[in-house]
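To start, the structure under review is shown below, and the notes come after it.
The values are calculated or read from the model by the stated rules, or taken from the named source; none is laboratory data. None of these values were measured; they are calculated from a predicted model. Reconstructed Cβ throughout: ideal geometry from the backbone, glycine too, with neighbour counts over all protein chains shown.
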Amino acid sequence: MHELGVAWHGLTSTWAIPASIVGVIWGIFGGALPGISPSIAMALLLPFTYSLDPVTAVVLLGSVYIGAEYGGSIPAILINTPGTNSAAATTIDGYAMHLRGQGGLALGISLTSGFVGGLFGLLMLVVLTEPLADVALAFTPPAYFALGMFGLSIIASLSGNSLTKGLISGIMGLMIATVGTDPLSGVSRFTFGVPDLISGVKPILVMVGLFAVSELLAQMVEPEWAKVSSRIMRLELPDWTLWKRLGRCEAIGCAIGTFEGITPGAGGTIAAFLSYNEAKRWSKHPEEFGHGSPEGVAAPECANNVVTGTALVPLLSLGIPGSNSAAVLLGGLLIHGLNPGPMLFERAPEVAYGLYAGLFVANVVMLLVGLVILSPCIWLVNRPRPYLLAFIFALIVSGVYSIEQSFFQVGIVFATGLLGYGMRRFDVPILPMVLGVVLGFMVESNYRRSLLLSGGDHTIFLRDPVSLGLLATALTLLAFTLWRERRRVTPSAARLGTP
Amino acid sequence: MNGVTRALRGDTVVGLAALALAGVYAFFAFEIPHSFLADPVGAAGLPELYAIALALLASLLVAQSLASRARLRETVESGSDRIAASQHFRAIGLLLPGIGYLVLISSLGYFVTIFLLIIGVALYAGANLSLRLLSISVVGAISMWVIFDKLFNIPLPVGSLWLRLFN
């Protein structure tokens, strides 16, 4: 009851409700533009959150995430081009429905299933986060170091095709985190006499550069996306009979979305495809899948919206971002001096509970706004891409400047954008670098504090039971990923060796 | 050149670039002064470790890609790659209007430079210079100025040129 009161106060004493409306609309527009993923839509707004109060800021970012997941299904259904990665599974049956003249119904199913998934994901977030955070409250410096190492071990599962490249990316992130004043001795490191570097490179700058600027550069070599027919289409909600039919696949989406969301590195795309597959397996009409099955739209859309809630569980409870969008939300918290993790519920409960309440409002807003926003979305998707790129570019430079009125920081964003583009070009994963930047300070400061406590004895990390458990989990995760990669690489290496 | 060969050559490039970065980073890491407040690890401890780890991983990546390429034994054709390279240069060139923005903003001020930035990026991305583009850029510049200056109260540069002209 007390928590409900805090949530209500957080919601009503700030601009959280308008922020959730703006965030959802922005997210739907962003998601509807092919190439603008939820994390990029969030990263574009990140600099704006600097001048907002913390509750409003995190609600705004969380609402963008929710809106973008629905927005991504609009071009997926109408032009067979997923606006977001997680909407890729929706294209299969969504576009087939559109070709059969049921595009409006497909969008209605996407909206309502997304609403169901979003609320279920939020419920899981509320139920699972605080117990996990309570456990983490007993953490000591060795345990925090081990937690950081556990977070870094996620790099293994985020590395895509090459673990080596993922680790390189992660270490480069750790290197960026060492720039600035040393956390313990106060010595300047890698500042080269530049005053702007004394306080270090802010994670927000790295995120905006790696996600948003690199995407703008990438859009220059991407083919132009198809135009949506200007004929205004009406969104059609499923009737009661169809609702009942969709119940089973939505339940599948909820279960898979919960598991995949909580698992760091998995995310909405995997959840959507797995749900699609399982929905087909358990459907009474599996033959319709691929030819315009309503269940083929409902299952992935429900699952990727569940992930919008459950992906925040490891972030809010342990401070570990398991996905791009969670990393950007983490950036929003760090801007306000809030460290997510076990202490968040102690030090800033209004932010955590306010976020819960804000996400609830955002889901409701998504349902309401989704009913009327289709025409503006079609208009936006049909704008000439050069104009869209120009506006997004202007928004980035203005937004980054507004953080600390520093053009040096705008330069850092350009530099990290260039780096991010190079990383995309050479298939080096971006998220490990973000993890390195975000977790670098936690790892270094707690590693050194632990050794100060133990007089340089490294066994302190093994004597602390929490630290030992986390390090063992990290090693297990790493070993499992290495084993999985070896299994995957061996057959392909054998093929490569064949003359 | 097929996709696999190109990817492996890309891995070699990434590995060599990371190796060079590790070298430069190590050079500056070893230059970090020792403090009287130093703990057992010291301010340079982890940076040195990161440099070594990066060098090892970069070497591993180079070795992996060279070994795989040796197995491939395919002839290298560079034609298609040259086309790809020009596209990448075009993409990176999108930063030029941004760099121009950084150079000009202190003298021309926010409003004029953001107007020029919108025009510059749109033209670079393929728009035609037209009255429509000019109008959209003016509207864009006004919108940005209203959002940041009026709504968020961010002190935006007025421009030294205008100050000199009108003072």
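Helices (runs of 4 or more DSSP H) fully within segment A:109-191 that include at least 1 residues being away from every other protein chain (no Cβ under 14 Å), in contact (Cβ under 8 Å) with a residue 24 or more places away in the chain and of a type in the set (F, W, Y): A:141-153. Of the residues A:V187, A:V179, A:V194, A:V127, only one is over 20 Å from A:G319 (Cα atoms), out of contact with any helix residue (DSSP H, G or I) (no Cβ under 8 Å at 6 or more places or on another chain) and β-branched (V, I, T); which? Within the list A:V187, A:V179, A:V194, A:V127, the selection yields A:V187. When the criteria are applied in full, A:F461 fails the requirement of being within 9 Å of another protein chain (Cβ to nearest Cβ) and at pLDDT 90 or above. Between A:P82, A:P75, the distinction of being crowded, with 24+ Cβ neighbours inside 10 Å, more than 14 Å from chain B (Cβ to nearest Cβ) and free of Cβ contacts under 8 Å to residues at least 60 places away in the same chain belongs to A:P82 only.
One residue is enough: does segment A:265-283 have a residue meeting the conditions buried (at least 24 other Cβ atoms within 10 Å of the Cβ), part of a helix (DSSP H, G or I) and of a type in the set (V, I, T)? So far as segment A:265-283 goes, no, none of its residues is buried (at least 24 other Cβ atoms within 10 Å of the Cβ), part of a helix (DSSP H, G or I) and of a type in the set (V, I, T).
Here B:A18, B:A22 are screened, and the one residue that is within 22 Å of the chain's Cα centre (by Cα) and more than 8 Å from chain A (Cβ to nearest Cβ) is B:A22.
Report whether or not A:S199 is more than 21 Å from B:A53 (Cβ to Cβ), facing chain B (nearest Cβ under 10 Å) and out of contact with any His (no Cβ under 6 Å at 6 or more places or on another chain). No. When restricted to residues that are more than 10 Å from chain A (Cβ to nearest Cβ), more than 18 Å from A:F391 (Cβ to Cβ) and either of a type outside the set (D, E, K, R) or assigned to a loop (DSSP other than H, G, I, E, B) (or both), segment B:132-167 contains 9.
Annotation: of all residues in segment A:102-123 being crowded, with 20+ Cβ neighbours inside 10 Å and aliphatic (A, V, I, L, M), the one that is farthest from the chain's Cα centre (by Cα) is A:L105.
No other residue among A:G420, A:G411, A:G440 is part of a helix (DSSP H, G or I), in contact (Cβ under 8 Å) with a residue 24 or more places away in the chain, surrounded by 16 or more Cβ atoms within 10 Å (Cβ to Cβ) and within 10 Å of another protein chain (Cβ to nearest Cβ) apart from A:G440.
Being closer than 27 Å to B:L57 by Cβ and of a type outside the set (A, V, I, L, M) is a property that holds for A:G148.
Of all the numbered requirements in (1) under 27 Å from A:A32 (Cα atoms); (2) in a helix (DSSP H, G or I); (3) within 14 Å of chain B (Cβ to nearest Cβ), A:R383 misses one, and that requirement is (2). Return the total of residues in segment B:30-50 being at the interface with chain A (Cβ under 8 Å from one of its Cβ atoms) and assigned to a helix (DSSP H, G or I). Of the residues in segment B:30-50, 4 are at the interface with chain A (Cβ under 8 Å from one of its Cβ atoms) and assigned to a helix (DSSP H, G or I).
Filtered by the rule that a residue be within 17 Å of the chain's Cα centre (by Cα), free of Cβ contacts under 8 Å to residues at least 12 places away in the same chain and within 7 Å of another protein chain (Cβ to nearest Cβ), segment B:100-127 gives a lone residue, B:L102. Taken over segment B:91-108, the criterion of being part of a helix (DSSP H, G or I), surrounded by fewer than 20 Cβ atoms within 10 Å (Cβ to Cβ) and not hydrophobic (A, V, I, L, M, F, W, C) is satisfied by B:G100, B:S106, B:S107. Within segment A:249-289, restricting attention to residues that are out of contact with any Asp or Glu (no Cβ under 7 Å at 6 or more places or on another chain) and β-branched (V, I, T), the residue that is modelled with the lowest pLDDT is A:T263.
Taken across segment B:26-42, residues that are in contact (Cβ under 8 Å) with a residue 40 or more places away in the chain and surrounded by 19 or more Cβ atoms within 10 Å (Cβ to Cβ) do not occur at all.
When segment A:38-62 is filtered for residues that are among the small types (G, A, S) and crowded, with 24+ Cβ neighbours inside 10 Å, the ones remaining, listed by number, are A:S39, A:A41, A:A43, A:A57, A:G62. Can B:R71 be described as within 7 Å of chain A (Cβ to nearest Cβ), in a helix (DSSP H, G or I) and at pLDDT below 85? Against the criterion (within 7 Å of chain A (Cβ to nearest Cβ), in a helix (DSSP H, G or I) and at pLDDT below 85), B:R71 qualifies. Can A:Y401 be described as at pLDDT 90 or above and either within 12 Å of chain B (Cβ to nearest Cβ) or in a helix (DSSP H, G or I) (or both)? When the stated conditions are applied, A:Y401 does not pass them. Look at (1) within 25 Å of the chain's Cα centre (by Cα); (2) crowded, with 21+ Cβ neighbours inside 10 Å; (3) of a type in the set (G, A, S) and you find that A:S467 fails only one, number (1). For segment A:365-381, enumerate the residues that are over 28 Å from B:Y101 (Cβ atoms) and either in contact (Cβ under 8 Å) with a residue 12 or more places away in the chain or buried (at least 20 other Cβ atoms within 10 Å of the Cβ) (or both). Scanning segment A:365-381 gives A:V365, A:M366, A:L367, A:V369, A:G370, A:L371, A:I373, A:L374, A:S375, A:P376, A:C377, A:I378. One residue stands out among those in segment A:89-101 that are surrounded by 20 or more Cβ atoms within 10 Å (Cβ to Cβ) and in contact (Cβ under 8 Å) with a residue 60 or more places away in the chain: the one that is nearest to A:F273 (Cα to Cα), which is A:A89. Just one of (1) facing chain B (nearest Cβ under 9 Å); (2) under 25 Å from A:G322 (Cα atoms); (3) crowded, with 24+ Cβ neighbours inside 10 Å; (4) among the aliphatic types (A, V, I, L, M) fails for A:L431. It is (1).
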